[in-house]
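Step one of this worksheet: look at the structure below.
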Amino acid sequence: MSWIERLTVGKEASAVRAKERLKLVLIHDRTDLSPETIESIKNDLLEVISRYVEIDAGEIKIRMNQEGREQRLVADIPLKSSARRRVR
Amino acid sequence: MAATVITITSGKGGVGKTTTTANLAVALAAGGQKVVCIDADIGLRNLDVVLGLENRIVYDIVDIVEGRCRLRQAMIRDKRLAELYLIPAAQTRDKSSVSPSDMVRVCDDLREEFDWIMIDSPAGIERGFRNAIAPADIVLVVTNPEVSAVRDADRIIGLIEAEEKGPAQLILNRVNPEMVRRGDMLAPEDVLELLAINLIGIIPEDEAVMVATNRGQPVALDGKSRAGKAFQNIARRLKGEEVAMDELEEKPDLLHRLSRVFRSGG
């Protein structure tokens, strides 16, 4: 249970929970993408991109953004800085 | 005259589509507009009882489509408001007895004579819903501030967009201001943020709606109740008037205020 859940569950603000739950449900309803599918997309992206550049797998963020009624898949992939890159 | 066709839909059942259709029709007709309502919920008709016209049905929408009567013969004229008519649904048939193109044709025949054609959609996303939105110029989605109703509203809004009938506008029905204040009911801002569509009105939860429906006298007939006023405001917005969204700012009467003082004091 996350800290935010601990703060809200069983407390009065049930509307907060309703909104959080709806947000997640609507993303899934609108896109037909499950969290597992997003995880697979992430892994495939990782594989393709690392064929060309060095990336930090732990820093990759893939999330669903809502803009109006449009769902957007946003990938944030930091490249390893060239200063740290080893010269071969 | 060229009517605007408004379809009232929701996805989920029981959120107040029929009540909304009846009250918007009454409010528009009371303002001198010529209005015809069509009940598209074939097999489960109810707009007739909510409007209090159930005893006067002879023909219905399926009779029109199948040529058993002329359009005029199926139109029931309201006795309270001279410019309000109802075309009832058939009760012993199903949704497949009418097609989307039948609905478009019936509405086209009515357009010249009316200012507004109000279509009460059945719940669901199947044939009945498709029939109801086929002739629509404007689609109003009714929802309640609860998770199941909001989720279904989102689905139906997507389908309306896919049918190129959007953008739909939202009516948030049965809002309880006290519960919103306590944080136990989704606030209108929350619902709007989730659904990302325009709001055309908020209807507060109001016992007057049940009382009015029991009598077959829609609450918007006399605009004294809070819900009745809210429906009248939506009707004015449909006509293009600017009306502030102040439905939730309740002005408690003296008794109400006193009891609140005592409660907070005790």
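The table for this structure:
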{"item": "Principal-axis tilt of helix B:226-238 within chain B, Cα atoms, nearest 10 degrees", "result": "50"}
{"item": "Calculated [θ] (222 nm, deg cm²/dmol) that DSSP helices of n ≥ 4 give over chain B, each run adding -39,500 (n - 2.57)", "result": "-12000 deg cm²/dmol"}
{"item": "Cβ-based exposure ranking for A:Glu47, B:Glu146, A:Glu54, in which fewest neighbours within 10 Å come first", "result": "A:Glu47, A:Glu54, B:Glu146"}
{"item": "Whole-angstrom Cα spans of the protein assembly as shown along principal axes, big to small", "result": "90, 63, 36"}
{"item": "DSSP beta bridge pairing in chain B, given as percent antiparallel to the nearest 5", "result": "5"}
{"item": "GNM top mover of B:Arg77, B:Arg68, B:Arg182 - chain B, alpha-carbon springs below 10 Å", "result": "B:Arg182"}
{"item": "FRET efficiency estimate (nearest 0.05) - Cβ-Cβ, A:Ser81 to B:Ser148, R0 30 angstrom", "result": "0.05"}
{"item": "Order of A:Lys42, B:Lys17 under a 10 Å beta carbon neighbour criterion, fewest first", "result": "A:Lys42, B:Lys17"}
{"item": "Convex hull (Cα only) mean projected area of the range B:2-55, reported in nm² to one decimal", "result": "4.4"}
{"item": "0 to 90° range, to nearest 10: angle between helix B:17-30 axis and chain B longest Cα axis", "result": "80"}
{"item": "Peptide A:15-23 - average C-beta neighbours from other chains (10 Å radius)", "result": "6"}
{"item": "Most to least packed among B:191-199, B:224-232, B:209-217 [average Cβ atoms within 10 Å]", "result": "B:224-232, B:191-199, B:209-217"}
{"item": "Protection-proxy order for peptides B:23-30, B:162-169, B:97-104, each taking the mean of Cβ atoms within 10 Å per residue, highest first", "result": "B:23-30, B:97-104, B:162-169"}
{"item": "In Hz, Karplus ³J(HN,Hα) per residue of the range B:97-108 (6.51, -1.76, 1.60; θ = phi - 60°; x = Gly, Pro)", "result": "6, 10, 10, x, 6, 4, 5, 4, 5, 4, 5, 4"}
{"item": "Residue-span extension gain [B:Glu126 to B:Arg182] - 0.36 nm each, minus C-alpha spacing", "result": "16.4 nm"}
{"item": "Between 0 and 90°, nearest 10: helix B:147-162 axis offset from chain B longest Cα axis", "result": "40"}
{"item": "Sum of side-chain charges, B:Ala89 neighbourhood, beta-carbon under 9 Å (Lys, Arg +1; Asp, Glu -1)", "result": "-3"}
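Bear in mind that the values in this text are calculations on the coordinates, not laboratory data. What you see is a predicted model, and the numbers here were worked out from it, not measured in a lab. Backbone-built Cβ (ideal geometry, glycine too); neighbour counts: all protein chains shown.
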